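Peer 1: First, the structure itself, so that you have it in front of you.
The values are calculated or read from the model by the stated rules, or taken from the named source; none is laboratory data. Not measured: the values here are computed from a predicted model. Glycine gets a Cβ as well: all are built from the backbone with ideal geometry, and neighbour counts include every protein chain shown. Accessible surface areas use protein heavy atoms only, side chains included; no ligands, DNA or RNA. Shrake-Rupley method; radii C 1.70, N 1.55, O 1.52, S 1.80 Å.
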Number of protein chains: 2
Amino acid sequence: MPRRRKRDIIIKGFSKLLKEDKLKIVAELMDNQLEAMELLKSFWHNDNSRQKVFDEFSENTISNFYIPYGVAPNVIVNGRNHLVPLVIEESSVVAAASSSARFWSEHGGFHAEVINELKIGQVHFLWKGEKKKLLAVFDELKQYLRGAASDITANMESRGGGVVDMELIDMTAEIKNYYQIRVTFNTVDSMGANFINSCLEEFAGALQQFCKNQDSFTKEEKECQIIMSILSNYTPECLVTAWVECSYDELDKMDKGLTGQQFAEKFALAVKIAEVDVYRATTHNKGIFNGLDAVAIATGNDFRAIEAAGHTYAAKDGRYRSLSHVELKDGKFKYSLTLPLAMGTVGGLTSLHPLAKHSLEMLGKPSAKELMMIAASLGLANNFAAIRSLVTKGIQIGHMKMHLMNILNHFEATKEEKEKAVLYFVEHKVSFANVSKYMQEIRKN
Amino acid sequence: MPRRRKRDIIIKGFSKLLKEDKLKIVAELMDNQLEAMELLKSFWHNDNSRQKVFDEFSENTISNFYIPYGVAPNVIVNGRNHLVPLVIEESSVVAAASSSARFWSEHGGFHAEVINELKIGQVHFLWKGEKKKLLAVFDELKQYLRGAASDITANMESRGGGVVDMELIDMTAEIKNYYQIRVTFNTVDSMGANFINSCLEEFAGALQQFCKNQDSFTKEEKECQIIMSILSNYTPECLVTAWVECSYDELDKMDKGLTGQQFAEKFALAVKIAEVDVYRATTHNKGIFNGLDAVAIATGNDFRAIEAAGHTYAAKDGRYRSLSHVELKDGKFKYSLTLPLAMGTVGGLTSLHPLAKHSLEMLGKPSAKELMMIAASLGLANNFAAIRSLVTKGIQIGHMKMHLMNILNHFEATKEEKEKAVLYFVEHKVSFANVSKYMQEIRKN
């Protein structure tokens, strides 16, 4: 069994191999080696120098994974109309965002506001001593740390950012001798992860030095053990809010069976459910991230950071809840979303990935704050569309209509077969089984 | 200002335009229209029929967004060696996973176990009546609902899955007259979202019919108002655990300054911090999702669903915490990760996306359970690598070494310049400013 043996060999120095050799090792695991090599290569960019940039984003790259790059038109945020780039594989997300944006474009558009844009980093350390002695020198320590990182911060300061504040956090009640220096940063238009981590590592070394130099410290107090220094992806002070509002009667056409007010009330009930039931809350918020992540990826931002911050925020009062909320008052429907959203429009991949760069240009080269507002609006757009479907016709009609093409592609339907199928499934229920049956029928004839 | 005007026009029927016309509208927003069109087209697949499949994944698709498709070798899970496909844009994730996997390949590999694989869906409804009357007919109702969805469930049942159980959940303490039917599903190797949602919508209609037919119900009790019917992405009963373990002395080489036991203790402290501090917990878990999401995307799974479930689970006891845990006992280090992970290996995009299909074949065509175990191991691998770096040399050295190529590409460094720079930055600190200075220097000479 040579194939089985190959699978089990430990591969040494894989990352140092040429791309072609890596490809060969991958292909050896496949039923059809030549076909696999061809497939992987067919996804390379035609322009070698461009492909090289993608190869060097990461390690052991052998191909490019395609995710559809789509756009949602008519996304009006604070009066400005955007064509928003969305990178997403889920079939109904772009359609839902577009339909929601189109509706709101005639009802005042999205409103958005950045509440704050501070980021957090932490130096975690153990220190055995009298806390008041550390507090007594803390102002001096802050100056010392700022000085130590001045090479790193100079550039950021010239752009209007830098280290905003430092705080000593006493965690000794949780873990013996454990303290943090919690640092607040303003990274202006960059996501700022590298900047923050570089500062913190510098602070950590300087903190140790500072303690060593304190004449008033005992021998034990002069020893400060650094555990780790790292940014936090939880950014409750990098907060954005987006909302839509209209009168009940503007919602009259949402559903044949419901008046505008009835629709608003049913919608509000669905959102209320996501505030009291965790099973529902998770899915409710997932629909928000469908839109947020699609904008994040399209603009070269790190969607894992956005997900982590947003979901942590959803659990901030001890119970995981909906991130969006409805207010019904004086005949008005208001729907809002507030969440932490640390995004960047410079640095990272924003200018290195040609399509990320394109996305930002399409959006009119926004500042980080503007991008936060656009992304939050898109998240709200998707969430609104999902709840609207759920409380009226249900989610499956729209979703399966979008998925129909995927199922037809699975059966390698021709253009003619697709056209016929689309007409047929206007009247019939889309499901994998039904499409399969339908394809067998029309191919028999 | 014609450009400004164009931006502000509401576009009607955008989704029905030809792809070329959509492209034109997008290009009109750009400084250089022709270049923008060429750029977007340059990312299309050479094979038209293949490109069409990507276009039809979603709506308003105008190009493909490339994300590096890489592999991590030597990932041993329950004794079997895998080359794991990873789709990720963040520079250090593949390198970290590979290095971690390589270490553990010589120390017993990853161990993993699927604890359960049930998924949840909910029919949310309002019902005004005596609860005991609903409970009295609930067994009969369950049979009725199962019957109503039998067309949909037949296929899934033949594969060993289907509806496992239904429960009546009384939520009237939270919201007046609000109940749920909480349904448990087994969707075998599929993620199952479409299946679950189709069943639930059928149940909702049948529930209304059932109430109407109950002779023992009052007029009011015969009216059951459906709010919505939808799967839950929170899947605490679709749970996987992965772990690694070794003796302290196997960790002796982790850091020059630390014995194996000291390393284990410092590592444990860093993880403990992620259990007591929410700012740290978010970032700690984010590192786990770096690996999980990369496997999810590579295999055609929905990473938003995975993120939502995992983070909700992290907050399950009222405080958002680390998903991974250390145990130090009898000279042994054990590191484990337990989280909900609903993945599929059939349905959705798993066979429609050529590279997702390729990924699954590379992994030996795993069942959903096997994929859950591989992904969890990869998440743990990334998490281990991150904590290891944090508590020893710091995260920035490795990260910036990986990012060096990106910065060099930013300055359009030639092959020769890159080779020189890599040598230079073995000894010098990588930062954007330093690389910029270095490039200016060598280009002056």
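Peer 1: Of the numbered conditions (1) in contact with a Ser or Thr (Cβ under 8 Å, 6 or more places away or on another chain); (2) over 24 Å from A:PHE303 (Cα atoms); (3) within 13 Å of chain A (Cβ to nearest Cβ), B:THR282 satisfies every one except a single condition; which is it?
Peer 2: Here B:THR282 clears every test but (2).
Peer 1: Under 9 Å between Cβ atoms, at least 6 apart or on separate chains: pull out the pairs that start in the stretch B:188-201 with a residue that is at the interface with chain A (Cβ under 10 Å from one of its Cβ atoms) and end on any residue that is of a type in the set (Asp, Glu).
Peer 2: Listed by first residue and then by second, the contacts come to B:ALA193/B:ASP302.
Peer 1: Does A:LEU404 count as in contact (Cβ under 8 Å) with a residue 12 or more places away in the chain and within 11 Å of chain B (Cβ to nearest Cβ)?
Peer 2: yes
Peer 1: Could you check A:LYS256 against (1) within 30 Å of A:ALA381 (Cβ to Cβ); (2) at pLDDT 95 or above and say which number it fails?
Peer 2: That leaves (2) as the condition not met.
Peer 1: Looking at (1) surrounded by fewer than 21 Cβ atoms within 10 Å (Cβ to Cβ); (2) in contact with a strand residue (DSSP E or B) (Cβ under 9 Å, 6 or more places away or on another chain), which one does A:ALA274 not meet, given that it meets all the others?
Peer 2: Condition not satisfied by A:ALA274: (1).
Peer 1: Filter the stretch A:245-264 for residues that are buried (at least 17 other Cβ atoms within 10 Å of the Cβ) and either assigned to a helix (DSSP H, G or I) or under 24 Å from the mean Cα position of the chain (by Cα) (or both) and give the result.
Peer 2: If the condition is that a residue be buried (at least 17 other Cβ atoms within 10 Å of the Cβ) and either assigned to a helix (DSSP H, G or I) or under 24 Å from the mean Cα position of the chain (by Cα) (or both), then A:TYR248, A:GLU250, A:LEU251, A:MET254, A:GLY260, A:PHE263, A:ALA264 are the ones that fit.
Peer 1: In addition: Could you check the stretch A:291-304 and list, in sequence order, the residues that are in contact with a strand residue (DSSP E or B) (Cβ under 9 Å, 6 or more places away or on another chain) and either facing another protein chain (nearest Cβ under 7 Å) or not in a helix (DSSP H, G or I) (or both)?
Peer 2: A:ASP293, A:ILE297, A:ALA298, A:THR299, listed by residue number.
Peer 1: Same structure, new question: I'm checking my understanding of the structure. Among residues of the stretch B:203-238 that are under 22 Å from B:ALA112 (Cβ atoms) and open to solvent by 20 Å² or more (accessible area, probe 1.4 Å), which one is farthest from the other protein chains (Cβ to nearest Cβ)?
Peer 2: B:GLU237
Peer 1: Hey, another quick one. Is there a residue in the stretch B:10-17 that is open to solvent by less than 10 Å² (accessible area, probe 1.4 Å) and either within 8 Å of chain A (Cβ to nearest Cβ) or closer than 29 Å to A:LYS401 by Cβ (or both)?
Peer 2: Yes: one or more hits.
Peer 1: Which number in (1) surrounded by 24 or more Cβ atoms within 10 Å (Cβ to Cβ); (2) among the polar types (S, T, N, Q); (3) in a strand (DSSP E or B) marks the one condition that B:ASN382 misses?
Peer 2: Against the list (1) surrounded by 24 or more Cβ atoms within 10 Å (Cβ to Cβ); (2) among the polar types (S, T, N, Q); (3) in a strand (DSSP E or B), B:ASN382 comes up short only on (3).
Peer 1: From the list A:MET37, A:MET30, exactly one residue is more than 8 Å from every other protein chain (Cβ to nearest Cβ), hydrophobic (A, V, I, L, M, F, W, C) and either under 23 Å from the mean Cα position of the chain (by Cα) or surrounded by 16 or more Cβ atoms within 10 Å (Cβ to Cβ) (or both). Which is it?
Peer 2: None of the others qualify; the one that does is A:MET37.
Peer 1: Take the stretch B:403-413 and flag every residue that is out of contact with any Leu (no Cβ under 7 Å at 6 or more places or on another chain) and open to solvent by less than 40 Å² (accessible area, probe 1.4 Å).
Peer 2: B:HIS403, B:LEU404, B:ILE407, B:LEU408, B:ALA413, listed by residue number.
Peer 1: When you scan the stretch A:432-442, how many residues do you find that are without any contact (Cβ under 8 Å) to a residue 24 or more places away in the chain and either open to solvent by 90 Å² or more (accessible area, probe 1.4 Å) or not aromatic (Phe, Trp, Tyr) (or both)?
Peer 2: 5
Peer 1: Here's another thing I want to ask about it. Among what's in the stretch B:52-81 and is more than 8 Å from chain A (Cβ to nearest Cβ) and assigned to a strand (DSSP E or B), pick the residue that is nearest to B:PRO354 (Cα to Cα).
Peer 2: Filtering first and then ranking leaves B:VAL75.
Peer 1: Scan B:SER63, B:SER92 and give me the residue that is within 24 Å of A:HIS410 (Cβ to Cβ) and in contact with a Gly (Cβ under 9 Å, 6 or more places away or on another chain).
Peer 2: Only one candidate qualifies: B:SER63.
Peer 1: Of all residues in the stretch B:414-431, how many are in a helix (DSSP H, G or I) and open to solvent by 100 Å² or more (accessible area, probe 1.4 Å)?
Peer 2: Going through the stretch B:414-431 one residue at a time, the tally reaches 6.
Peer 1: Here's something else I'd like to know. Going by the structure shown, is A:VAL75 open to solvent by less than 10 Å² (accessible area, probe 1.4 Å), touching a residue at least 60 places away in the same chain (Cβ under 8 Å) and within 16 Å of B:SER58 (Cβ to Cβ)?
Peer 2: It is false that A:VAL75 is open to solvent by less than 10 Å² (accessible area, probe 1.4 Å), touching a residue at least 60 places away in the same chain (Cβ under 8 Å) and within 16 Å of B:SER58 (Cβ to Cβ).
Peer 1: Now for a different question. Being within 10 Å of another protein chain (Cβ to nearest Cβ) and without any contact (Cβ under 8 Å) to a residue 12 or more places away in the chain narrows it down to one of B:ALA315, B:ALA308, so name that one.
Peer 2: Criteria check complete, one pass: B:ALA315.
Peer 1: Let me ask something else about it. Is it the case that the stretch A:126-133 has a residue that's assigned by TED's automatic domain parsing to the domain that holds A:ASN74, more than 23 Å from A:VAL240 (Cβ to Cβ) and either out of contact with any Gly (no Cβ under 9 Å at 6 or more places or on another chain) or not in a strand (DSSP E or B) (or both)?
Peer 2: no
Peer 1: Could I ask something else about it? Residues in the stretch A:322-343: is at least one in a strand (DSSP E or B), open to solvent by 10 Å² or more (accessible area, probe 1.4 Å), within 14 Å of another protein chain (Cβ to nearest Cβ) and out of contact with any His (no Cβ under 7 Å at 6 or more places or on another chain)?
Peer 2: Yes: the stretch A:322-343 contains one or more residues that are in a strand (DSSP E or B), open to solvent by 10 Å² or more (accessible area, probe 1.4 Å), within 14 Å of another protein chain (Cβ to nearest Cβ) and out of contact with any His (no Cβ under 7 Å at 6 or more places or on another chain).
Peer 1: Do we find a residue being within 13 Å of chain B (Cβ to nearest Cβ), touching a residue at least 40 places away in the same chain (Cβ under 8 Å), hydrophobic (A, V, I, L, M, F, W, C) and surrounded by 20 or more Cβ atoms within 10 Å (Cβ to Cβ) anywhere in the stretch A:113-123?
Peer 2: The answer is yes, given that some residue of the stretch A:113-123 is within 13 Å of chain B (Cβ to nearest Cβ), touching a residue at least 40 places away in the same chain (Cβ under 8 Å), hydrophobic (A, V, I, L, M, F, W, C) and surrounded by 20 or more Cβ atoms within 10 Å (Cβ to Cβ).
Peer 1: Taking the stretch A:93-110 as the search range and keeping residues that are in contact with a helix residue (DSSP H, G or I) (Cβ under 6 Å, 6 or more places away or on another chain) and crowded, with 24+ Cβ neighbours inside 10 Å, which one is nearest to the other protein chains (Cβ to nearest Cβ)?
Peer 2: The extreme case among them is A:VAL93.
Peer 1: Of the residues A:PHE43, A:PHE138, A:PHE65, which single one is surrounded by fewer than 16 Cβ atoms within 10 Å (Cβ to Cβ), touching a strand residue (DSSP E or B) at 6+ places or on another chain (Cβ under 9 Å) and without any contact (Cβ under 8 Å) to a residue 40 or more places away in the chain?
Peer 2: That would be A:PHE138, the only listed residue that is surrounded by fewer than 16 Cβ atoms within 10 Å (Cβ to Cβ), touching a strand residue (DSSP E or B) at 6+ places or on another chain (Cβ under 9 Å) and without any contact (Cβ under 8 Å) to a residue 40 or more places away in the chain.
Peer 1: Which condition does A:CYS224 not pass, out of (1) closer than 21 Å to A:ARG304 by Cα; (2) touching a Phe, Trp or Tyr at 6+ places or on another chain (Cβ under 9 Å), if it passes all the others?
Peer 2: A:CYS224 satisfies every listed condition except (1).
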